[in-house]
Each structure stands twice: as structure tokens, then as C-alpha cells.
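Scroll down for the structure; my scribbles are underneath it.
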Amino acid sequence: MTRFDAGDLAIDEDSDESGLLVVLGDTGEKADEYVIWETPGDDPPITAAAKNPGHDPSTPVVEAVYLDDLRGAMDEWDLDEAVNRYDAGSLEDLGVRTYGFPASRLASASADDPR
């Protein structure tokens, strides 16, 4: 499995149609610990493992954003600013959604990837 650092470009191997992703950080959680949605009542929360049954539930989860979303939200975005906003929890203020992926679902990419 590839190890990802903040700023790495990646592609979602489970989707033929998604664009390039910018990895923003390692959550320190495994897929079966990373909560995507809390559920009402006594139902268990929805985890990254539940949404990605083809991946080992013990796989580390990384958070990433779509490169096109960054470009659309930040006129002249740069990686340091994006990572700083992620760390501060303010990317969503720009309308940029962060996604949690089991690292095994992603593959390294380069800026010239055709996606």
C-alpha cells in the first residue's frame, strides 16, 4: 500500500470518473474507526470501512480534496495555504469538501495524469 503525505496527488482507483485528488493528511484512524456519518439512536455510525467493503477495515484513512474543487474555490491556490486551511478546519468555509479514503483505495498520481 502506498503511503501518502500532505500535498501528494492521488487518484481514486475505485472510480473511473473522479478527478485528481490532493491528499491533505493522515487521520490516524483505521477505516473501521473513521466515522463518515453519525446515525440516530442506537444504530452504529457509518464508517469508511462500511462504505468501502472491498478494502481491509484496518487500512489507514487519509483525507483528500478534489484538485478541481481547490482550483474553483481558491483563485490562486497554493498547497501550503490549502494544507493550512485544512489544519485550521476552514476549507469547508470555501465550499471545499474533504473526503476520507482508505489509503488502499488511492494510487499515486502526477500533475500530468489525464484525469
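Condition check for S110 on (1) in contact (Cβ under 8 Å) with a residue 40 or more places away in the chain; (2) surrounded by 12 or more Cβ atoms within 10 Å (Cβ to Cβ): one failure, at (2). From the list V35, V65, the lone residue that is in contact with a Leu (Cβ under 8 Å, 6 or more places away or on another chain) and modelled with pLDDT of 95 or more is V65. Taking the conditions exactly as written (part of a loop (DSSP other than H, G, I, E, B), surrounded by 11 or more Cβ atoms within 10 Å (Cβ to Cβ) and under 16 Å from the mean Cα position of the chain (by Cα)), does S104 satisfy them or not? No: the conditions fail for S104. Can you confirm whether the range 3-10 contains a residue that is surrounded by fewer than 19 Cβ atoms within 10 Å (Cβ to Cβ), of a type in the set (D, E), part of a strand (DSSP E or B) and in contact (Cβ under 8 Å) with a residue 12 or more places away in the chain? No, because not a single residue in the range 3-10 is surrounded by fewer than 19 Cβ atoms within 10 Å (Cβ to Cβ), of a type in the set (D, E), part of a strand (DSSP E or B) and in contact (Cβ under 8 Å) with a residue 12 or more places away in the chain. Screening T59 against (1) in contact (Cβ under 8 Å) with a residue 40 or more places away in the chain; (2) touching a Lys or Arg at 6+ places or on another chain (Cβ under 7 Å); (3) surrounded by fewer than 19 Cβ atoms within 10 Å (Cβ to Cβ) leaves a single unmet condition, (3). On inspection, D32 does not qualify as assigned to a loop (DSSP other than H, G, I, E, B), touching a residue at least 12 places away in the same chain (Cβ under 8 Å), surrounded by fewer than 13 Cβ atoms within 10 Å (Cβ to Cβ) and among the acidic types (D, E). Exactly one residue out of G28, G7 is touching a helix residue (DSSP H, G or I) at 6+ places or on another chain (Cβ under 8 Å), of a type in the set (G, A, S) and modelled with pLDDT of 90 or more: that is G7. Looking at (1) in a helix (DSSP H, G or I); (2) of a type in the set (D, E, K, R); (3) surrounded by 11 or more Cβ atoms within 10 Å (Cβ to Cβ); (4) without any contact (Cβ under 8 Å) to a residue 60 or more places away in the chain, which is the one condition that is false for D87? Evaluating D87 over (1) in a helix (DSSP H, G or I); (2) of a type in the set (D, E, K, R); (3) surrounded by 11 or more Cβ atoms within 10 Å (Cβ to Cβ); (4) without any contact (Cβ under 8 Å) to a residue 60 or more places away in the chain leaves (4) as the failure.
The values are calculated or read from the model by the stated rules, or taken from the named source; none is laboratory data. Small disclaimer: the values here were computed from a predicted structure and weren't measured. Quick reminder, even Gly has a Cβ in these numbers, built from the backbone with ideal geometry, and neighbours come from all protein chains shown.
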